[in-house]
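Laboratory data are not the source of any read-out in this text; all were calculated from the coordinates shown. As the structure is a computational prediction, the values presented were derived from the model and not from experiment. All Cβ positions, even for glycine, are placed from backbone atoms using ideal geometry, and neighbour counts span all protein chains on display.
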Amino acid sequence: MTDKRTEVCQKQCFHPEMVATVRESMMTKATLQDLAELFKALGDHTRVKILNALYHSELCVCDLTDILEMNQSAVSHQLRVLRAGKIVKSRKDGKNVYYSLDDKHIFKLLDLGSEHVLEAKL
């Protein structure tokens with residue numbers, strides 16, 4: 001059970017200089033909203049599985065449906081969400097569409113996230 005006293009200040013205090021410095025350093029509301037949307041898109045188990053697969057290779061929807069053992073419609077829906085968030089990109093080759101992670105930042109996010117999760121289990 002969490003001690004609720006640890007979640008609040010025991011003695012009321014205020015540090016105006018620190019508050020001003022932090023306020024000036026914070027991201028804009030629009031940037032924070034975009035960041036929240038990114039984490040929201042990453043917050044789905046199926047989408048994380050898709051990203052894990054794409055971390056290793058560019059894949060078409062057919063490949064992803066087999067890897068994930070899901071139907072094409074469900075995989076396509078999740079890919080649309082990931083594309084809208086600029087997390088994955090697509091490339092058309094004839095009648096097939098291939099997906100990959102959008103850029104190096106997504107690779108880094110996955111690396112850091114998995115490192116954090118694995119370290120937290122120790």
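The calculated FRET efficiency for Lys49 paired with Glu119, based on their beta-carbon distance and R0 = 35 Å, is about 0.95. Peptide packing: for 66-79, 12-25, the average count of neighbouring Cβ atoms within 10 Å per residue gives the ranking 66-79, 12-25, highest mean first.
Cross-link partners of Lys121 among lysines, defined as those whose alpha carbon lies under 27 angstrom from its own and excluding same-chain residues fewer than eight positions apart: Lys4, Lys40, Lys49, Lys104, Lys108.
Computed 3J(HN,Hα) for the stretch 14-24, one whole-Hz value per residue from the Karplus formula 6.51 cos²θ - 1.76 cosθ + 1.60 where θ = phi - 60°, is 8, 10, x, 5, 5, 4, 5, 4, 5, 4, 5, glycine and proline marked x.
Summary of the geometry: the stretch 18-72 and the stretch 80-95, compared by the centres of their Cα atoms, lie 13 Å apart.
Rg ratio for the chain: its Cα radius of gyration over 2.2 N^0.38 Å, N being its residue count, equals 1.46. For the pair Ser73 and Cys60 in one chain, pulling the backbone fully straight at 0.36 nm per residue adds 3.4 nm over the alpha carbon distance.
Summarising the label geometry, the points placed 7 Å from Cα in the beta-carbon direction at Thr21 and Lys95 lie 6.3 nm from one another.
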